[in-house]
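Here is the structure we will look at.
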Amino acid sequence: MSDFLRQYLLVILFALLAVGVVGAFIGLASLLRPNRPSKGKLENYESGVDPVGSGWSQSQIRYYIFALLFVMFDVEAVFIFPWATRLEEYGYFGLLEMVIFIAILTLGLGYAWRKGVLRWA
Amino acid sequence: MRVTETWYLTLSALLFTVGFVGLLVRRNPLVMFMSLELMLNAVNISFVAFANKLDDIAGQTAVFFVLVVAAAEVVVGLSIVVAVMRRRPSITADDLRSLKG
Amino acid sequence: MTLAFLAQQTIERIPFDSPTIDWHAFAPEAILLAWTCLVVVVDMVGLERARRFMPGLTGVGFLLATIPVLTLWNDGATRSLFEGAYVVDRYALALKGLFLISGYVVVLLSTQYMADGDYYDSEYYILLASSVLGMTVMASARDLITIFVALELLSIPAYLLAAWRKRDLKSNEAGLKYMLMGIFASAIMLYGMSLLYGVAGDTRLSVIAEKLTSEGTKPLLTLAALFTIIGFAFKVSAVPFHTWAPDTYEGAPTPLTAFLAVASKAAGFVAMVTIITTAFPGQADVVEPFMWVLSALTMSIGNLIAMRQTNIVRMLAYSGVAQAGYIMAPLAVYSQTGQNGVSAASAIVNYLIIYSAMNLGAFAVVIAAARKTRSGEISSFGGMLNYAPGLTTAMTVFLFSLAGIPPMGGWLAKWQVFSVLLQSESTWGTTLALVAAVNTVLAAFYYLNVAKQMWFMPAPDGDTSRVRVPPSLVAALAITVIATLLSGVTGLVPDITDFGSIALGR
C-alpha cells in the first residue's frame with residue numbers, strides 16, 4: 001500500500017465504524033419496536049400537506065438575494081486563506097494589501113446594507 | 001495504475017466539450033448557465049494539472065482568480081436571468097427573439 | 001500531491017520580498033479606483049439626493065485620472081512593474097488616455113438620457129467607472145492572469161449595464177445575450193490560456209514569447225493560440241463571432257451602446273494586439289492566416305448586412321463590425337512589417353483613437369435626434385437639415401469620416417492600415433488591402449444614404465419643430481467633432497501612436 005493511501009486508512013476505519021454503530025442501533029431498534037405498516041405511512045411527508053404540483057415552485061425572492069450576496073462574499077474568502085498562512089512574511093506590505101481588499105469588500109457590504117438589501121421584511 | 005497529468009487534461013477537455021455542446025443545444029438560460037460553469041471549471045482542472053506538472057504556483061493562482069471571477073459572473077448572470085424570468089416565466093432562449101438580426 | 005508533501009511545503013517557507021511599487025506608474029488606476037469608491041460612498045450617504053451629482057462626479061474622476069497619464073507621457077520612460085506583468089509605456093498610455101476620455105464622453109452622453117428615464121443613476125455611473133478601470137488595467141497588462149482579470153472587470157459591469165432598462169424586454173434580452181456570449185468567449189479564451197500556460201510554463205507574455213520561440217511549433221500551441229484569439233474575436237465582434245452585437249446594441253440603453261461599440265471593443269483589440277505581438281512573435285505562420293480570414297470576413301459580411309438595415313443603431317452596430325475588420329487587418333501581416341509588429345500596433349491604436357471619436361459622435365447625434373423623433377429608423381432622419389442644421393452638419397462630418405472621405409479623421413485611419421498592409425510587400429497583405437478597398441467603396445453607400453436622408457429628404461411626419469439638445473450632449477458633440485476634424489487635418493494622432501522602436505513591453 002502506498003504512502004498516499006495509508007494516510008486515508010484512518011478515514012476508512014472511521015467511516016466503517018460510523019456505519020457499523022448506526023447500523024447496529026437501527027438493527028437493534030427494528031428487533032424491539034412494533035411493526036404495523038399502513039398506506040398512509042408510505043406517503044411523502046410534506047408538513048402534513050398532500051404533495052401536489054410539480055417540482056418547480058417559486059420561492060421568495062428574498063432568499064435569492066441573500067444567496068447571491070453569500071456566494072460573492074464566500075468566494076472572496078479564498079484570497080484571505082492563503083494570505084493568512086504566510087501573514088508574518090508578508091509584513092506591512094501584505095497587511096496593507098489585505099486592508100485595501102477587505103475595505104473594498106466592506107464597502108460592498110455597506111452599500112447592500114444602506115440600499116436595504118439586508119432587510120428581511 | 002498511476003494517474004498522470006494526461007488523465008486530468010483529458011478529463012478537462014471532456015468537461016469543456018460537454019459544457020460547450022450543452023451551451024449550444026440546451027435552450028433554458030439556467031441550463032446554459034450551468035454549461036458555462038462547467039466550461040470554466042474544466043479550465044480550472046487544466047490549470048491545476050499543468051501547475052502540478054510544471055511544479056509552478058502560477059497555475060494555481062490562476063484558478064483562484066477564475067473561481068472568484070466565475071462567482072461574480074454567476075451573481076450578475078443570475079440577477080439578469082431573474083430579471084428576465086420575472087417578466088416572462090418559463091422562458092427559453094428561442095423565445096428571446098424580439099431582437100433578431 | 002500527498003499530504004506529507006503539503007506539510008513539508010508549509011515548513012520550507014520561501015522568503016517573501018515586498019515588490020517595490022512605482023506609484024507614479026500606477027497613479028491613473030489608483031486614482032480611478034479611489035474615486036469610484038468615493039462615488040459609492042457618496043451614493044450610500046446621499047441616496048436619492050445624490051443622484052443628480054453622479055454624472056458630474058464620475059466625469060471629474062475620469063478627468064482626474066487623465067492627469068497622471070499626461071505626466072507619465074511627458075516623462076516618456078517605459079516602466080515595468082511586478083516582474084514585467086504590468087508595463088506602462090507609450091502604447092499603454094495612449095490607450096489609457098483614449099479609454100478615460102471615451103469614458104468621459106459616455107458620461108456626457110448618458111447624463112440627460114439617464115436623468116429622463118426611471119433608472120438607477122448612481123449605480124449606472126459606478127459600474128461605468130469600474131468598467132473603465134478594467135480597460136485602463138488592460139492597456140498595461142502583460143500577463144495572462146492580469147489580462148483575464150482586466151477583461152472580466154470591464155465586461156461584468158457591461159453585462160449589467162446592457163440590461164439596465166429593467167422593465168424593457170428588449171433590454172433584458174440584450175443583457176442576457178451579451179452575458180451568455182461574453183462568458184462563453186471568456187471560457188474559450190481561458191481554455192486557450194491554460195494550454196498556453198501548459199506549453200510555456202509561465203503566465204508572463206514576454207517569458208511565453210521566449211519559450212515558444214525556443215520550442216518551435218506544436219499542435220497544442222496552435223490550439224492554444226487559436227482559442228485565445230477566438231475569445232477576443234467575440235469581444236471585438238469579429239465575424240463569425242459577431243451575432244450578439246446587433247441585438248445587444250439595439251436593446252441596450254443608447255449611451256451604453258456607444259460605450260460598448262467604442263470603449264469595450266477597443267479594449268478587446270488592445271488585449272488581442274498585446275497578446276499577438278508580445279506572446280506570439282514567432283507564431284506568425286499560425287496567427288497571420290487566421291487573422292487574414294477573420295479580417296476579410298468581418299469587413300465584408302459586416303458591410304453587406306449593414307446595407308440592409310433600416311434602424312440606425314443596428315446600422316451603426318454592423319458598421320462597427322465592418323470597422324473591426326479594418327482595425328484587425330494589420331494583424332494579418334504583423335510579423336512582416338517594421339519593428340516586430342510595432343508598426344501594426346501603431347496603425348491599430350491610431351485607428352482605434354479616430355474610430356472612437358467619430359463613432360461616439362455618431363451615437364451622440366442619434367441620441368440627440370431620438371429625443372425628438374422617438375424612433376431609431378433611418379427614415380426618421382429625413383429633413384433634419386431644416387429643423388436641426390447643427391446636428392445635420394455634425395452627423396455629416398461623422399458619416400464622411402466613417403466612410404473614409406478626406407479630410408475627416410477616418411481617412412487617415414484607413415490610410416495607416418493600408419500603408420501597413422502594403423508595406424509587408426506580400427501577396428497576403430496586398431490581397432487584404434484590395435478586399436478592404438472594395439469594402440470601403442461598399443460602405444460609402446450606406447453611410448452616405450443617411451446623409452442623403454438628412455439633407456435632401458422631407459421630414460416623414462412633417463414635424464419640423466426644433467430639437468432641444470441638452471448642454472451635456474452639446475459638449476460631447478463638440479469634443480467628438482473637434483477630435484474627428486483635428487485628427488484628419490493634422491498628423492496629431494499618428495504622432496501619438498508612433499511608438500518608435502519601443503517594443504511592447506519587451
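Miscellaneous remarks
- Among the residues making up region B:1-20, a single one is under 26 Å from residue B:84 (Cα atoms) and either among the small types (Gly, Ala, Ser) or out of contact with any helix residue (DSSP H, G or I) (no Cβ under 8 Å at 6 or more places or on another chain) (or both): B:19.
- Filtered by the rule that a residue be more than 14 Å from residue C:448 (Cα to Cα) and crowded, with 20+ Cβ neighbours inside 10 Å, region C:381-397 gives C:383, C:384, C:388, C:391.
- Of all residues in region C:201-221, those satisfying the criterion of being within 18 Å of residue C:141 (Cα to Cα) and hydrophobic (A, V, I, L, M, F, W, C) are C:205, C:207, C:208, C:209.
- Under the condition of being exposed (fewer than 14 other Cβ atoms within 10 Å of the Cβ), within 11 Å of another protein chain (Cβ to nearest Cβ) and part of a loop (DSSP other than H, G, I, E, B), the residues counted in region A:70-121 number 2.
- Search result, residues across region C:219-239 that are more than 14 Å from every other protein chain (Cβ to nearest Cβ) and modelled with pLDDT under 85: C:222
- Qualifying positions in region C:147-167 - over 15 Å from the mean Cα position of the chain (by Cα) and more than 9 Å from chain B (Cβ to nearest Cβ): C:161, C:164, C:165
- Of all residues in region C:87-141, those satisfying the criterion of being of a type in the set (Gly, Ala, Ser) and not in a helix (DSSP H, G or I) are C:117, C:141.
- Only one entry in C:295, C:300 is over 23 Å from residue C:221 (Cβ atoms) and not basic (Lys, Arg), namely C:300.
- Cross-chain or 6+ apart pairs with Cβ under 7 Å, region B:24-48 first and surrounded by 19 or more Cβ atoms within 10 Å (Cβ to Cβ), then outside any helix (DSSP H, G or I): B:29/B:91; B:32/B:26; B:35/B:26
- Answer residue from region C:243-267, given it is crowded, with 24+ Cβ neighbours inside 10 Å and in a loop (DSSP other than H, G, I, E, B) and is farthest from the other protein chains (Cβ to nearest Cβ) among those: C:253
- Of all residues in region B:52-63, those satisfying the criterion of being without any contact (Cβ under 8 Å) to a residue 12 or more places away in the chain and within 9 Å of chain C (Cβ to nearest Cβ) are B:54, B:56, B:58, B:61.
- When region C:268-284 is filtered for residues that are crowded, with 24+ Cβ neighbours inside 10 Å and among the polar types (S, T, N, Q), the ones remaining, listed by number, are C:274, C:277.
- Residue match in region B:67-79 (condition: modelled with pLDDT under 85 and either under 30 Å from residue C:201 (Cα atoms) or not in a helix (DSSP H, G or I) (or both)): no
- Counting the residues of region C:143-201 that are more than 18 Å from residue C:252 (Cβ to Cβ) and either modelled with pLDDT of 90 or more or buried (at least 22 other Cβ atoms within 10 Å of the Cβ) (or both) gives 25.
- Scanning region A:85-102 for residues that are modelled with pLDDT of 85 or more and either of a type in the set (D, E, K, R) or under 26 Å from residue B:73 (Cβ atoms) (or both) turns up A:97, A:98, A:100, A:101, A:102.
- One residue stands out in region B:11-23 among those that are surrounded by 13 or more Cβ atoms within 10 Å (Cβ to Cβ) and of a type in the set (Val, Ile, Thr): the one that is nearest to residue C:202 (Cα to Cα), namely B:17.
- Verdict on residue C:272 being touching a residue at least 60 places away in the same chain (Cβ under 8 Å), part of a helix (DSSP H, G or I) and among the aliphatic types (A, V, I, L, M): no
The values are calculated or read from the model by the stated rules, or taken from the named source; none is laboratory data. This is a predicted model, so every value here is computed, not measured. Ideal geometry is used to build each Cβ from the backbone, glycine not excepted, and the neighbour counts take in all protein chains shown.
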